[in-house]
Amino acid sequence: MKKVLLATSALFLTAGVASAELSFSGKADAGVFKNGNGAAAADDHYSVYTGIDINIKASTTTDNGMTISAATDMGAGSILDAADKELDAQTDDLTAPEVKIGFNGVTIELESEGVDDYYDGDLENYDIGVSGSFGGLSYGIALETQKGTASDYSATVGYSVAGVSL
């Protein structure tokens with residue numbers, strides 16, 4: 001009787017454990033890259049590069065519809081960024097993960113020095129982001145938790161009605 005009760009209790013305790021989808025992606029790159037402005041200049045030279053970038057993501061949806069995801073990456077060497085004509089150095093260790101929580105049209109993003117600003121997306125030095133929409137109204141605010149930075153927050157508000165967006 002005690003063995004049956006113990007097994008039933010263990011089954012009950014593990015029934016509430018959530019599972020998450022885990023995915024891996026990435027790329028490896030190697031080649032020769034010409035540094036310089038393209039014209040024959042004294043500072044032009046060729047560089048041999050090798051690199052690897054590995055991305056890891058976990059996500060789940062709870063019973064009440066809340067979505068939770070965490071993502072990080074690691075790598076080594078350099079990967080060619082052909083659009084910007086430069087080599088992008090890859091970190092050699094796991095970076096702090098980006099965590100996103102979504103529920104009822106609201107998304108909360110947490111990442112130390114990794115949340116984009118809501119002005120033009122050029123700055124990635126915010127720590128907390130809250131965004132969402134309801135009806136024709138959309139909003140977003142990015143917050144910096146460290147005092148003494150150039151900007152403590154970045155915000156946006158938009159409204160759409162009858163085909164007109166403000």
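The values are calculated or read from the model by the stated rules, or taken from the named source; none is laboratory data. The structure presented is a predicted model; accordingly, all values stated were derived computationally and were not measured. We place every Cβ from the backbone using ideal geometry, glycine too, and count neighbours over all the protein chains shown. Note: accessible area is taken over every heavy atom of the protein model, side chains too, but ligands, DNA and RNA are not part of it. Shrake-Rupley method; radii C 1.70, N 1.55, O 1.52, S 1.80 Å.
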Quiz item: Within segment 41-67, how many residues turn out to be aliphatic (A, V, I, L, M), open to solvent by less than 70 Å² (accessible area, probe 1.4 Å) and either touching a residue at least 40 places away in the same chain (Cβ under 8 Å) or not in a strand (DSSP E or B) (or both)?
Solution: 2
Exercise. Among the candidates Ala155, Ala71, single out the residue that is at pLDDT below 90 and not basic (Lys, Arg).
Key: Ala155
Quiz item: Residue check: is Val130 more than 30 Å from Asp44 (Cα to Cα), under 15 Å from the mean Cα position of the chain (by Cα) and of a type in the set (A, V, I, L, M)?
Solution: yes
Practice problem: Return yes or no: is Asp117 among the acidic types (Asp, Glu), touching a residue at least 12 places away in the same chain (Cβ under 8 Å) and under 30 Å from Phe134 (Cα atoms)? | Solution: yes
Self-check item: Conditions (1) surrounded by 13 or more Cβ atoms within 10 Å (Cβ to Cβ); (2) modelled with pLDDT under 85; (3) not basic (Lys, Arg): number failed by Gly121
Solution: (1)
Exercise. State all residues of segment 81-104 that are open to solvent by less than 50 Å² (accessible area, probe 1.4 Å) and over 13 Å from the mean Cα position of the chain (by Cα); if no residue qualifies, say none.
Key: Asp81, Gln90, Gly102
Quiz item: Ser131: modelled with pLDDT under 85 and either touching a strand residue (DSSP E or B) at 6+ places or on another chain (Cβ under 6 Å) or outside any strand (DSSP E or B) (or both), yes or no?
Solution: no
Quiz item: Within segment 94-115, how many residues turn out to be closer than 20 Å to Asp63 by Cβ, of a type outside the set (Gly, Ala, Ser) and not in a loop (DSSP other than H, G, I, E, B)?
Solution: 7
Practice problem: For segment 13-60, name all the residues that are within 14 Å of Leu87 (Cα to Cα), modelled with pLDDT of 90 or more and charged (D, E, K, R). | Solution: Asp29, Asp53
